[in-house]
Amino acid sequence: LEPETILVVETSSYQLDRIVHFRPDVAILLNITPDHLSYHGTFENYCRAKYKISLNQNEKNVLILNADNEPAQAAAAFSRAQILHFSVHPVQQGMYVSSGKMLIPREQPDSQQHKEEVLMMVDELRIPGIHNVYNSMAAALAARAFEIRNENIRDSLMSFAGVEHRLEYVRTLNGVDYINDSKATNVNSTWYALSSYTKPIVWIAGGRGDNNDYSVLDQLVRSRVQYIIALGEEADAIFHHFSSMVRCIKAPTLNEAVQYAADYAKSGSIVLFSPACKSFDMFVNYEHRGQVFKEAVLTL
């Protein structure tokens, strides 16, 4: 690697729990919700592991935090870095959304009438969901920390169509859109997936749970989901939790779940595969699980 090479690194809570010298120039905490508790023991331990991303940072470094996620925001108290926030509410340092615009507050405004700099319109993003608005602001702040021009940031965000297995469009068949969200390995990820669409949803969910609390999805399920198809080790838990709210069935395999979804989904609706669970009960990893889903959809 050349000295000027910039590395973009995703670090897990397992890795951060063991760091000694790791010191990112720019660190980001997108959000923190209960996860991996079977390893960390408690949510507090999990948070502490995440906060270590800023353990060795100093005043010359930057820590970017989600101001709307209290556990992530709390990392500021443990950091010596410069803090930037992203939010859907006004912040003093960082980036926020107002009136459909992604705005950057000016440190020294030229006048009282021009306090913010507009990065772009939210509806110019190609990928749906409020979580992708958050992700885009975090990425934009990181890019600005490396002095990348707003025009280049805007062009990138407008052209980025998403990654495989995260709200990935697979195909439309008989007026039904099929979406692969296999990367949703916890309830929080699925909350964002369910909130990303206004069309009626046939939701395929299940796998290996990790102390999953499905109650946080209740309101979204009641308002947006028409059918639930549950599979894997969590099939019974999902069925018993949601069956009083919406029609639920259990499928023995993912291929059969896809066929059931195709049978139930009507034109104008979405079949959303967003498991809210780990993949290890039936698959090698979430990528393998997503590939099986896509193959099943493409053979309908």
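The values are calculated or read from the model by the stated rules, or taken from the named source; none is laboratory data. Here the structure is a predicted model, which means the values were calculated and not measured. All Cβ positions, glycine included, derive from the backbone under ideal geometry; neighbour counts span all protein chains shown. With ligands, DNA and RNA removed, areas are computed over all heavy atoms of the protein, side chains included. Shrake-Rupley method; radii C 1.70, N 1.55, O 1.52, S 1.80 Å.
Each Lys or Arg adds one and each Asp or Glu takes one away; over the other residues whose Cβ falls under 13 Å from the Cβ of T11, this sums to +2.
Only one residue of Y51, A67, H89 has its Cα farthest out toward the positive end of the dipole of region 6-138, where Lys and Arg carry +1 and Asp and Glu -1 on Cβ, and that residue is Y51. The mean accessible area for residues of region 133-271, using a 1.4 Å probe and ignoring ligands and nucleic acids, is 45 Å² per residue.
Between Q92 and E2, the contour length at 0.36 nm per residue exceeds the Cα-Cα span by 28.8 nm.
Here the accessible area is traced with a 1.4 Å probe on the protein chains. For the chain, carbon and sulfur cover 49 percent of it. Other residues within the sphere of radius under 15 Å centred on the Cβ of Q57, judged by their own Cβ, net out at +3 (K and R +1, D and E -1).
Note on region 1-135: antiparallel DSSP beta bridges, both residues inside, total approximately 45 percent of the bridges counted.
Please give the FRET efficiency for R18 paired with S267, using the beta carbon to beta carbon distance and R0 = 41 Å, rounded to the nearest 0.05. Between R18 and S267 the formula returns 0.20. Relative to the globular-protein estimate of 2.2 N^0.38 Å, the Cα radius of gyration of region 219-273 stands at 1.08. Here region 66-219 is treated as an ellipsoid with the same Cα gyration tensor; its semi-axes, largest first and in whole Å, are 31, 20, 14. Each semi-axis of the equivalent ellipsoid for the chain is √(5λ) with λ an eigenvalue of the Cα gyration tensor; in descending order they amount to 36, 23, 17 Å. In plain terms, the bigger the Kirkwood radius, the slower the diffusion; for region 1-42, with that radius from Cα pairs, at 4 °C and 1.567 mPa s, Stokes-Einstein puts D at 102 µm²/s.
The Cα-based radius of gyration of region 34-119, divided by its Kirkwood radius, gives an Rg/Rh of 1.09. On a per residue basis, the convex hull of the C-alpha atoms belonging to region 253-296 measures out at 73 Å³.
Size descriptors for region 12-69: radius of gyration and Dmax over Cα atoms are 11.6, 36 Å. Computed over protein heavy atoms with a 1.4 angstrom probe, the accessible surface ordering of I148, I28, I270, largest first, is I148, I28, I270. Cα centroid separation, region 255-279 to region 160-210: 9 Å. Just tell me the longest site-free run in the chain, where the sites are trypsin sites (Lys or Arg not before Pro) in a DSSP loop having at most 14 other beta-carbon atoms within 10 Å. Maximal segment without exposed cleavage sites: 150-265. Based on the Kirkwood approach, the hydrodynamic radius assigned to region 148-294 is 15.4 Å, with every pair of different Cα atoms included.
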